[in-house]
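Please read the structure below before turning to the comments.
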Amino acid sequence: NSRALLKKQREIDSSAVAYPEDIPVAFEEGKGATVRDVDGNTYIDMFAGIGVLNVGHANPYVLEAVHEQADKLVHTVDFPSEARLELIEKLGEIAPGNLSGNSKVVFGGPTGSDAVEASIKLAKYNTKGTGLVAFRGAYHGATSGAMSITGNKKFKGNYTPLLPDVVHAPYPNPFEQNKSPQEAVDHALEEVQAIFEDPYGGLANPAGIFVEPIQGEGGVVAPPEGFLKGLRDIADDNEVPLVFDEIQSGLGRSGRWWASEWYDVTPDVMTSAKALGGTGFPLSATIYHDDLDTWGSGDHAGTYRGHVVAMRAGTRAIEYIQEHDLLAHARDLGEYIRARLRDVGESNPHIAEVRGKGLFIGAVLVDEQGHPDGEMADAIQDYCFEHGVLIWKAGRHGNVLRLLPPLVLTEELAETALDIIVDAIESVTT
Ligand code: PMP
């Protein structure tokens, strides 16, 4: 049945649709951390729709409110609704550091890219600047502004020229750069500093610094201590907003509400999407400090600036995470999963590094010579699929196994998934 659907999709759908060719599957039903395909096979979902389903598939607490809301009212553009005000308040409550209680929210359209566009516009609006500082390896989305600050040719190479005034600095990745954590941080910060100091080689009129507090698509890179703090200082010295893209890292994925909290650094602006719409509804938001709320009515527009059903789902999902203490669960289970993968790495040189925070996990695969090995990652992903576990990949070379399970993943299911992932690694690499 899966193959028939895939065949039809290939015939009638856009050739831009993207799913791994080796995973010929069509899904029919999901519950918690498992999904079933149209042939009745069940999988443990260790990628959660690329980090969307933090409260699991078909979360009943979220869906109860969704059904209720959908029966009453679905769309109001920007007119007030209880669902909208409730979510603004909830986001204010969980916003990090001094954003908490001092934040404003502008809802975007359905995608993370929308929130990123709004953050670029907000930074430009407030500074009257044009230049954007971003980072190599970053992924920020598929629209023109978001592609401009994305730091990977693969996603933007066919669409240049994009925004003209963007400079990419290195993102500290000690393993890839073969540096100590401190050296990697110093190097990255020196480069950012130079961009501000040298208007000829850098940006004449900077508008903001845009960064993922943990890079996702770039390979699950949690930067060493000191990097985000250093960026905070540079942004303050130059009076530009520091913008954190928390679209993949936020809403509990890292075991804190926001990855920035691990580093005790509060941004001026942050973006959220993916898990924001609860159990998979499309919604994005840009959350920013009150002080930046200088724009006027209609200065950022959009028909779907907030979708009432998705907003209701979002509030419920946050409540669910709070009530079930899923942040602590994500931290503990994430530590356990990383420890088990590191154990494998002790005796298997192909696992070069295991990294991440909470249930945002990456395992770096290398060949005999220590070079990134994307084919090995493909083969491991295929093996896992054939044995009932869905995993994803990341990194410029596609050589980082990426695990982003729902935060509701139980210890038992994690154990089963790990057994299969470890078998996959051993069988592919030995
Ligand atoms: N920013 C980050 C950090 C992301 O991981 C993504 C999606 N992978 C986006 C932005 C773009 O989100 P969307 O695909 O919903 O536009």
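The values are calculated or read from the model by the stated rules, or taken from the named source; none is laboratory data. Everything numeric in this text was worked out from a predicted model, so none of it was measured. Counting neighbours? That spans all protein chains shown, and the Cβs are built from the backbone with ideal geometry, glycine included. Surface accessibility is based on the protein's heavy atoms, side chains included, excluding ligands, DNA and RNA. Shrake-Rupley method; radii C 1.70, N 1.55, O 1.52, S 1.80 Å.
Where the centroid of each part is defined by its Cα atoms, how far is the range 193-269 from the range 20-40 in Å?
36 Å
Anyone know which of N399, N98, N173 comes out most mobile in the 10 Å Cα GNM of the chain?
Highest fluctuation among the options: N98.
What ranking do 366-374, 346-354 get when scored by the average of other Cβ atoms within 10 Å per residue, highest first?
Put in order of decreasing packing, that is 346-354, 366-374.
Applying a 10 Å radius around every beta-carbon, put 267-277, 234-244, 329-339, 298-308 in order of their mean neighbour count, most first.
Values: 267-277: 28.6, 234-244: 20.3, 329-339: 18.7, 298-308: 16.0.
Sorting 267-277, 234-244, 329-339, 298-308 by mean packing, highest first, produces 267-277, 234-244, 329-339, 298-308.
Where the accessible area of the chain is counted over protein heavy atoms with a 1.4 Å probe, how much of it, in %, is carbon and sulfur? Before the final figure, lay out each step's value.
Working: 8880 of 18120 Å².
Carbon and sulfur: 49 percent of the exposed surface of the chain.
Which of Q182, Q215, Q248 ends up with the largest GNM mean-square fluctuation for the chain, with Cα atoms connected below 10 Å?
Q182
Could you order peptides 13-21, 380-388 by the average number of other Cβ atoms within 10 Å of their residues, highest first?
Values: 13-21: 8.6, 380-388: 19.1.
So the peptides 13-21, 380-388, ranked by packing, come out 380-388, 13-21.
Using only the Cα atoms of the chain, build the gyration tensor, take square roots of its eigenvalues as a ≥ b ≥ c, and label the shape rounded, prolate or oblate: rounded if a/c is under 1.5, else prolate if a/b is larger than b/c, else oblate.
It comes out oblate by the Cα gyration axes.
Give me the net charge of Y125's neighbourhood, meaning all other residues with Cβ under 14 Å from the Cβ of Y125; Lys, Arg count +1, Asp, Glu -1. Display every interim value, and only then the final one.
Values: positive: K104, K121, K124, K128; negative: E117, D268, D291, D293, D299.
Computed value for this residue: -1.
Grab the other residues whose beta carbon is less than 10 angstrom from that of Q215, score K and R as +1, D and E as -1, and report the net.
Numbers: positive: R136; negative: E212, E217, D245.
For residues surrounding Q215, the net value is -2.
Gaussian network model of the chain, Cα springs within a sub-10 Å range: biggest mean-square fluctuation belongs to which of G362, G345, G51?
In the Gaussian network model the winner is G345.
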